[in-house]
Amino acid sequence: MNIKHLSPEKLNERRMQAVKLRLDGVTVALASQQTGLSAPTVSAAWKSFREGGWSAVPVRPRGRLKGQANVLDTATQQRLWEALYAHPPAEQPGWSSADLAAFLRNEHGVELTQRGIEHWWESEGLKHEPWPLSALAKQRSQRGRWYRQAVAPRFDRLEEANQRWQGGVRRVVHPQRPVYQLYLHGPRGRMWMRCFKRPPVADDYLTAMQALIGKSEESNRPVALVFHGAWLSASPQVTAWLSQQTMFWLVPVPADMGLAS
Amino acid sequence: MSHSSDLIADDIEGYLKAHEHKGLLRFITCGSVDDGKSTLIGRLLFESKLLFEDQLAAIEADSKKYGTQGGEMDFALLVDGLAAEREQGITIDVAYRFFSTEKRKFIVADTPGHEQYTRNMVTGASTADAAILMVDARHGILTQTRRHSFLMSLMGMRHLVVAINKMDLVDYSKARFDQIVEEYRVFAKQLGLENITFIPMSALKGDNVIEHSAKMPWYHGTTLLGYLETVELDAEHLQRSPFRMPVQWVNRPNLDFRGFTGMVASGVVRPGDQIRVQPSGKTSTVSRIYTLDGDLEEAVAGQSITLLLEDEIDISRGDVISGVDEPAHTADQFETTLVWMHEAPLLPGRPYLMKLGTQTVSATVTDIKYQVNVNTLEHTASKQLDLNGIGICTLSLNRAVAFDAYKDNHDTGGFILIDRMTNNTVGAGMLHFALRRSQNIHMQHVDIDKQARALAKGQKPAVLWFTGLSGAGKSTIANLVEKKLFAHGQHTYLLDGDNVRHGLNRDLGFTDADRVENVRRVAETAKLMVDAGLIVMSAFISPFRSERQLARDLLEAGEFIEIFVDAPLDVVEARDPKGLYKKARRGELKNFTGIDSAYEAPETPDVHLKTSEMDAEAAADAVIAALRERGMIS
Amino acid sequence: MTSLTHLQRLEAESIQIMREVVAETENPVMLYSVGKDSAVMLHLARKAFAPSPPPFPLLHVDTRWKFRAMYDFRDNMAEEIGMDLLVHINPEGIEKDINPFTHGSAIHTDVMKTEGLKQALDKYGFDAAFGGARRDEEKSRAKERIFSFRTAQHRWDPKNQRPELWKLYNTRKNGKESIRVFPISNWTELDIWQYIYLQNIPIVPLYYAAERPVVERDGALIMVDDERMPLEPGEVPMMRKVRFRTLGCYPLTGAVESEADTLPAIIQEMLLTKTSERQGRVIDSDSAASMEKKKQEGYF
């Protein structure tokens, strides 16, 4: 069988199957017969498994990404990563897809749509969906109670969408690089992010929060941020900063609230 | 073969359910690294995926560095590690390794084929249900194969696989395989080995280990793993034997609950069963089998249980509970096979502690019938057993114990011997049958006993046991003591080299074994004299603690008085009244205590005489004073 | 014919060993580390001596640096079973404020665990101590005896250990010698988890994945369990879903990221996982032969 005709999904399925057969004690030859993969492919899949576990078995996506007009070449990807690891544009809490598209166009003359950037985020594991917080208002769960007690009293007093923020920090498992991601969701689900090669420090959080205040400063309205993934009150620096803010409310998501997953 | 990864990933609860019902097989592998033993174990561990990636990565790195397989995965490296152990100065012995398949969990006793092989292999085999004997197809049956086979037959191994390995190096030849099988069968017959399975294999290439080999279509038997997954477990075989449970501990939380705890050694027990307790012979009925999670309907061999009985009979640790119809036997003298496991040799006549099931008694080897050479299987006469020596011996106990022949039940017929002084485990043995003497010769109870004789003499009989280096003054002081006692009207006798060496013990020399026997005879004689009501003085070097302990054990409490005639070696060597030290120093006298044979000084003598600080007269007075103090004389 | 499962066989063996110790030694004790192996060992002890409570106390050699969840669990457990719980902390360690941060893991472990254990055994005159070590934990344990003899100074002499045949254990000691007894020697990590699952044995919640505050130290995830954990300037602990595969002093015990918050999920993760159990123990990385050395010094 010519495996060149297989879709990547089908190919990966068979690679996984071959590894399972090998684990069950089946020889390379037999595994090759049963999966229709060539013997070297079976060996390669087995080797990947031994070196990197199950996640290393599928082949990396080949060719252009789905729904994307332009080929996202290695150099462009590299530039995007460098940007994400660097400071975002002034006054911004992080990089939005619009910011990144502008950056590519202005600095490197590369045309990439916002949707193209967002697809790339998805393929790199950087995409994050905002939590449907308002849906918690009527839930009779621990989460619902938390929303009513901790979030609603803040959010209900804020009229504008750009006063209500949510975000968090997480480690993104990436095959090539260390990624700690600080993400923020603003009005209409728009996402801003920064990436770090180490866990973010107090200054990183404060820069982002300061930018959120900045965004609503012209209207002089308070800002609330529901935040997950960092124990901010353990940092004296953050605590001191927060105590001086009268227009910024931080609402930490308690552990195991189940929002993250 | 392996933990099915699909099931783990998709339905972990289904997987757990399936794996709750696995059995447990323990086996031993015999052979050296050269036979591919480590490769085999490594492959079994690897294939059952009980290896983690950090371990795998280490092996892969090692394979490139030290491996013998051209950079390919060298499974042997998984289990060897012997070099490292040597460097750390650790005694190489039995290592236990674990793997499991969907049918069974396995515990592998892995023993190196060379050094200390007998002790280690016997230890590993004692808990194994089956043995895998590795044979290199190129070399066939070697001395080592015979040695290992003999040890397995000795240990009563019920299932044996002869894995004829490295078939890839003999072109997977059926003729070669058949030839080795034939040769082995002849040999196995001599040993009385049964239930042998032969498997042609290549551990390195994986032929017939887990999967049937395409290279050997002529072989229709089971694969090695197939064998291990189906061979009968000893615990299940033993369920068909009569019920036995050595009592470990009596559980008595309150007056209403008396539970007898122990592990069922064989058979099945249910409430309502009639039982007999050995050695007392008392009978009762099982009322309950208690567990924390509720009573059991039945318990089988291999379970640790708590039994409750209907009658209040006296049962304690060491007793064996049996089914009433086929109870355990009782005896105090046996024919046994002994395997010696310690650097200090077995000396007949020396008392050891014997642990059999949950009973601990004093045991003496009275006779080594012959020793077996593990390589040639020849029988040779022997006066002692050295480390790794195997002998057919007569064993005599200080009281009767409950037992079964080892071939019928390893748990009620296998025992260890413990040195009374060092507390080391020095030997292991198998009981074969009781010797009749013990049952026929009962101690004659006569009306005139020791007490009566002693009363007639108006004294308390005792042994004054003088011990010390040659020339320390034992005989001189003992003589003076006897004179003083005689003058006091006591009935006495002095045993010393002069009146014993030339008669009773003239057949004995000065080897360690002979010294033990010498002291044993003196002690027995002294015991008879004490029985006759005498105060006996014995003046012998008696260098070993264990023999003095033997003498003490022969007598009743308070009858044995150990007197340490203590003079430093340089003092006695300077005195040297008989010129013996000079001879010994010149090498004309062998095994001379203090020079080339050890003297084990008493740790807590009853009387301690430092003769470098007092003269003989004063020393004798000190002994008399000590006797007065004890109320031995008035 | 009744076929016993491997867990029933292992259970029976462990119980036989424990009863042997109680019958033949004078003053036994169970070393209780609050971990999963201790939990199984304790459960087996309850079965061995029921309806009596186990006829020996529990001894926890504390370092003052265990996870808070372990202390809570320990105190509840002892109360529930009705066994005496002895807690020993090396007073010298308190006096000198020995801790893993200023003194390093090696000294901390030596003073608080190794010395602490010796002190406690001497103080109460225990002549036999049950420990929860297993032979599958690492290569050097594979040949460890079930009854392991220690000199009066608590040293382990690898050359002077006794052969163990059949089910016979020689428990006789010389003078001030003591015995470490490992009744779950033949259990593997999988056996332990499977038994915990089947028998519903309570374990410290730290084994289950949950969001916990962690910082990274030399590639290991260390939980910020209390305010004694020093943070770097500007450092903010992250809340990550982690669990622990082994438990010890929190600054020395690495967490793994995990979603496994039920027993089957933990077992599943263990079976599919790629690194062995001991990897989470910072103490191992001190030196290659460290385990062997620790054993000789009397760590176990």
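Being under 19 Å from A:W95 (Cα atoms), open to solvent by less than 20 Å² (accessible area, probe 1.4 Å) and not hydroxyl-bearing (S, T, Y) is not true of A:V151.
The set of residues in the stretch C:120-135 that are outside any loop (DSSP other than H, G, I, E, B) and open to solvent by 20 Å² or more (accessible area, probe 1.4 Å) comprises C:D122, C:K123, C:Y124.
Among the strands (runs of 3 or more DSSP E) confined to the stretch C:149-262, the ones with at least 2 residues that are away from chain A (no Cβ under 11 Å) and either β-branched (V, I, T) or open to solvent by 20 Å² or more (accessible area, probe 1.4 Å) (or both) are located at C:178-181, C:220-223.
Here B:F99 clears all of (1) open to solvent by 10 Å² or more (accessible area, probe 1.4 Å); (2) not in a loop (DSSP other than H, G, I, E, B) except the condition numbered (1).
Determine whether B:G357 is crowded, with 21+ Cβ neighbours inside 10 Å and under 26 Å from C:K159 (Cβ atoms). In short, no. For B:A381, the test of being open to solvent by 10 Å² or more (accessible area, probe 1.4 Å), touching a helix residue (DSSP H, G or I) at 6+ places or on another chain (Cβ under 7 Å) and among the small types (G, A, S) is failed.
Residue-by-condition table, conditions (1) open to solvent by less than 20 Å² (accessible area, probe 1.4 Å); (2) assigned to a strand (DSSP E or B); (3) at the interface with chain B (Cβ under 10 Å from one of its Cβ atoms):
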site: C:E11; (1), (2), (3): no, no, yes
site: C:V29; (1), (2), (3): yes, yes, no
site: C:V34; (1), (2), (3): yes, no, no
site: C:V40; (1), (2), (3): yes, no, no
site: C:L44; (1), (2), (3): yes, no, yes
site: C:P55; (1), (2), (3): no, no, yes
site: C:H60; (1), (2), (3): yes, yes, no
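When the residues of the stretch B:601-634 are filtered to those that are touching a helix residue (DSSP H, G or I) at 6+ places or on another chain (Cβ under 7 Å) and open to solvent by 60 Å² or more (accessible area, probe 1.4 Å), which remaining residue is farthest from B:V571 (Cα to Cα)? Once the filter is applied, the top-ranked residue is B:E617.
Cβ-Cβ contacts under 8 Å between residues 6 or more apart (or on different chains), taken from a first residue in the stretch B:242-254 that is within 7 Å of chain C (Cβ to nearest Cβ) to a second residue that is of a type in the set (A, V, I, L, M, F, W, C) and open to solvent by 10 Å² or more (accessible area, probe 1.4 Å), are listed as B:Q248/B:M263; B:Q248/C:A23; B:W249/C:V22; B:W249/C:A23; B:N251/B:F257. Taking the criterion of being at pLDDT 90 or above, among the acidic types (D, E) and out of contact with any Gly (no Cβ under 8 Å at 6 or more places or on another chain), the only residue of the stretch B:94-137 that qualifies is B:D129. Of the residues in the stretch A:202-225, none is at the interface with chain C (Cβ under 10 Å from one of its Cβ atoms), of a type in the set (G, A, S), at positive phi and touching a residue at least 12 places away in the same chain (Cβ under 8 Å).
Can you tell me which residue is least open to solvent (accessible area, probe 1.4 Å) among those in the stretch A:54-81 that are in a loop (DSSP other than H, G, I, E, B) and modelled with pLDDT of 75 or more?
Residues of the stretch A:54-81 in a loop (DSSP other than H, G, I, E, B): A:57-73.
Then drop every residue that is not modelled with pLDDT of 75 or more, which leaves A:57-59, A:72-73.
Values: A:V57: 0, A:P58: 42, A:V59: 44, A:L72: 21, A:D73: 69 Å².
Within the stretch A:54-81, the match that is least open to solvent (accessible area, probe 1.4 Å) is A:V57.
Taking the stretch B:164-215 as the range and being under 30 Å from B:E378 (Cβ atoms) and of a type in the set (S, T, Y) as the test, the residues that pass are B:Y184, B:T197. Only one of the numbered conditions (1) closer than 30 Å to A:H174 by Cβ; (2) without any contact (Cβ under 8 Å) to a residue 40 or more places away in the chain is violated by A:W241, and that is (1). Within the stretch C:100-122, the set of residues being among the basic types (K, R) and more than 21 Å from C:N174 (Cβ to Cβ) comprises C:K113 only.
Of all residues in the stretch B:173-203, those that are in contact with a strand residue (DSSP E or B) (Cβ under 9 Å, 6 or more places away or on another chain) and farther than 15 Å from B:V135 by Cβ total 3. When A:P175, A:P236 are screened for being under 15 Å from C:G234 (Cβ atoms) and either within 14 Å of chain C (Cβ to nearest Cβ) or not basic (K, R) (or both), only A:P236 passes.
Screening C:E79 with (1) under 26 Å from C:N27 (Cα atoms); (2) at pLDDT 90 or above; (3) charged (D, E, K, R) gives one miss only, at (2).
B:L494 satisfies every condition listed in (1) assigned to a helix (DSSP H, G or I); (2) modelled with pLDDT of 90 or more; (3) of a type outside the set (S, T, N, Q); (4) open to solvent by less than 60 Å² (accessible area, probe 1.4 Å) except (1). Among residues of the stretch B:489-517 that are under 20 Å from B:P351 (Cα atoms), those with a Cβ under 6 angstrom from a residue that is open to solvent by 40 Å² or more (accessible area, probe 1.4 Å) and of a type outside the set (D, E, K, R), sequence gap 6+ or separate chain, pair up as B:F510/B:N591; B:A513/B:Q384.
Being away from chain B (no Cβ under 14 Å), in contact (Cβ under 8 Å) with a residue 12 or more places away in the chain and part of a helix (DSSP H, G or I) holds for only one residue in C:G104, C:G116, and it is C:G116. Residues that are away from chain C (no Cβ under 13 Å) and of a type in the set (A, V, I, L, M, F, W, C) were ranked within the stretch A:180-193; the one that is nearest to A:P252 (Cα to Cα) is A:L184. Pairs meeting the criteria (first residue in the stretch A:128-152 and in a loop (DSSP other than H, G, I, E, B), second residue of a type in the set (A, V, I, L, M, F, W, C) and modelled with pLDDT under 85, beta carbons under 8 Å, at least 6 apart or on different chains) are A:W131/A:L259. Selection over the stretch A:234-246 of residues that are surrounded by 14 or more Cβ atoms within 10 Å (Cβ to Cβ) and either farther than 12 Å from A:L206 by Cα or among the acidic types (D, E) (or both) gives a count of 1.
Collect the residues in the stretch B:570-600 that are of a type in the set (A, V, I, L, M, F, W, C) and either under 22 Å from B:N479 (Cα atoms) or open to solvent by 80 Å² or more (accessible area, probe 1.4 Å) (or both), keeping them in residue-number order.
In the first step, residues of the stretch B:570-600 are kept if they are of a type in the set (A, V, I, L, M, F, W, C); the result is B:571-572, B:574, B:580, B:584, B:589, B:592, B:595, B:598.
Result: B:V571, B:V572, B:A574, B:L580.
Here the condition is being in contact (Cβ under 8 Å) with a residue 12 or more places away in the chain, open to solvent by 40 Å² or more (accessible area, probe 1.4 Å), basic (K, R) and within 24 Å of C:L165 (Cα to Cα); of B:R276, B:R270, B:R317, it holds for B:R317 alone. Within the stretch B:255-278, restricting attention to residues that are within 14 Å of chain C (Cβ to nearest Cβ) and closer than 16 Å to B:Q359 by Cβ, the residue that is farthest from the chain's Cα centre (by Cα) is B:F260.
For the stretch B:17-41, which positions are within 14 Å of chain C (Cβ to nearest Cβ), open to solvent by less than 10 Å² (accessible area, probe 1.4 Å) and at pLDDT below 80? The answer is B:H19, B:S38.
The values are calculated or read from the model by the stated rules, or taken from the named source; none is laboratory data. Because the structure is predicted, anything quoted here is derived from the model rather than measured. Here the Cβ is made from the backbone with ideal geometry for all residues, glycine too, and neighbour counts use every protein chain on show. For accessibility, only protein heavy atoms count, side chains too; no ligands or nucleic acids. Shrake-Rupley method; radii C 1.70, N 1.55, O 1.52, S 1.80 Å.
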